[in-house]
Amino acid sequence: MIKILQVLYLAQFGGGEVNTKVLIEHIDKKKFDVSACFLHQEGPMADIYRKSGIKTTVIGMKHGMDIFGALRFRQFLKKEQFDIVHIQLPNVITLAVAILTSPHVICHMRWGNADKRKGLKKIFLKYFFKRADLMITVCDHIKNILISIYGIPPVQIQTVYNGIELAKYSQKCDKTQIAAEFGIKNPSCIIGFMGRLIPLKGCHKLLRAVQDVILSDKNCYLVIIGDGTERDALEKLAKDLRIDNNVLFTGARDDIPRLLKLFDIFVLPSEVEAFPRVVEEALASGIPVIATNVGGVSEILRDGVDGFLIKTDIENQLKEKISYLKNNESIRATMAKSAIERSKEFDINKNARQIEQIYIQITKTTP
């Protein structure tokens, strides 16, 4: 039995935290003993992990450079004697403690802006990255950044795409009933977004892009799933654009696979992404996707096949693609079929088996 610790920082809802939870649930429990550790404070994801039966510890660091918190983390590692410490979204101090304390360390890189680190932080990260057993990247885009900017040898990096539970997104749901729950009757088209409502997600661009579409068709709706610091500003913008009656903000939800069935088109207008889980989920739900061509998005979405890739700085292009798909139901249907086929590449079972092989290779142990 190989003893693994999955290390995360914030116990908040996010793609990395969800991906790690799903991975732990699908790792072979007869061969691997996997626990989770959140470095920061208690939060909703820690409770979700525990309710899922995952042994979860919270260290209680006050910030990323909390020395006393780092010492508590070190004591925890020494006490538990993990075979592998698998760090998600590594920072300098956590990485240093793990490398100095544990026999094997894996860094799992999910940074959409990995190329933006500068100064001493970049120098120290580069130093410790090279001393980890392996760097796992969620897409080749990040792998190339590690090679070109951080100087990590290609042999030390392996790309493993995030996996999702395909069966959850293939279930049949009554779209009319879901729409009625939000007061939507006889919609001509429902455009959807899902994610944190922060500036980098680009929802302000999405609202401006759908303005003319909605004003010309009062049965067209935009549904925004998620919450965040920008929600009030976005609600005000929708009102200023005179489309607030057709824009619905659902807040954070825990029934994502069901709600995705509501959408005819999914849009992700982010300025920065790594390998967004929401695009995988939309494809698995049979929804054509329009997304900005950032990070590893092009490694998920095939332009013109499952949807469209657009540039981050051209709002007119976003508007044109939304209008095109809205007005071409047959194209949407063709893309929906392609999307479902494409999503099979991201099966969580495939993802979990790849990670298991990495664990075995690193420890050179047959469980």
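Which one of I87, L197, A209 is farthest out on the positive end of the charge dipole of the chain, using unit charges on Cβ (Lys, Arg +1; Asp, Glu -1) and the Cα centre as origin?
In the chain, that residue is I87.
Please give, to one decimal in nm, the separation of the simple spin-label points placed at Y324 and E165, each 7 Å out from Cα toward the Cβ.
So the two model labels end up 3.6 nm from each other.
Dividing the convex hull volume of the Cα atoms of the range 17-90 by its residue count, what figure in Å³ per residue is obtained?
Normalising the Cα hull of the range 17-90 by residue number yields 91 Å³.
How would you rank 196-203, 329-336, highest first, on the average number of other Cβ atoms within 10 Å across their residues? Can you show the working numbers first?
Numbers: 196-203: 20.1, 329-336: 14.9.
Output ranking for 196-203, 329-336: 196-203, 329-336.
Assuming R0 = 25 Å, can you tell me the calculated FRET efficiency for the pair Q354 and K55, based on Cβ-Cβ distance, to the nearest 0.05? Could the numbers behind the result be given before it?
Details: r = 23 Å, r/R0 = 0.92.
The calculated FRET efficiency here is 0.60.
Quick one: grab Rg to one decimal and Dmax as a whole number for the range 159-243, Cα atoms only, in Å.
In order Rg, Dmax, the Cα atoms of the range 159-243 give 15.2, 45 Å.
Please check which bits of the range 189-203 a label hung off D244 would reach, taking the label as a point 7 Å along Cα-to-C-beta and the cut-off as backbone N under 15 Å.
none
Can you compute the charge dipole magnitude of the range 108-167 about its Cα centre, using +1 on each Lys and Arg Cβ and -1 on each Asp and Glu Cβ, nothing else charged? Give it in debye, rounded to the nearest 20.
480
How high is the relative contact order of the range 22-100, in percent, with contacts defined as C-alpha pairs under 8 Å that are six or more residues apart?
Once divided by the residue count of the range 22-100, the mean separation gives 23 percent.
Pick from Q171, Q156, Q88: which is most flexible by mean-square fluctuation in a GNM of the chain where alpha carbon atoms under 10 Å apart are linked?
Q171
Please work out the C-alpha center-to-center distance from the range 228-293 to the range 297-367 and express it in whole Å.
Using only Cα atoms to place each centre, the spacing works out to 16 Å.
Based on the mean of other beta carbon atoms within 10 Å per residue, what is the order of 50-57, 244-251, 299-306, most packed first?
With the highest mean Cβ count within 10 Å placed first, the list reads 299-306, 244-251, 50-57.
If N is the number of residues in the range 289-340, what value comes out of its Cα radius of gyration divided by 2.2 N^0.38 Å? Show your work: numbers first, answer last.
Values: Rg = 10.8 Å, N = 52, 2.2 N^0.38 = 9.9 Å.
That works out to 1.10 for the range 289-340.
Report the charge-dipole magnitude of the chain in Debye, nearest 20, computed about the Cα centre from +1 at each Lys and Arg Cβ and -1 at each Asp and Glu Cβ.
Result for the chain is approximately 920 debye, rounded to the nearest 20.
Take the Cα pairs of the chain, get the Kirkwood Rh, then feed it into Stokes-Einstein at 4 °C and 1.567 mPa s and tell me D in µm²/s.
60
How big is the shadow of the Cα convex hull of the range 166-345, averaged over all directions, in nm²?
Taking a quarter of the hull surface, the average projection is 9.0 nm².
Each value in this text was obtained by applying a stated rule to the coordinates, not by laboratory testing. Source: prediction; values computed, not measured. Virtual Cβ from ideal backbone geometry, glycine too; neighbours counted across all protein chains shown.
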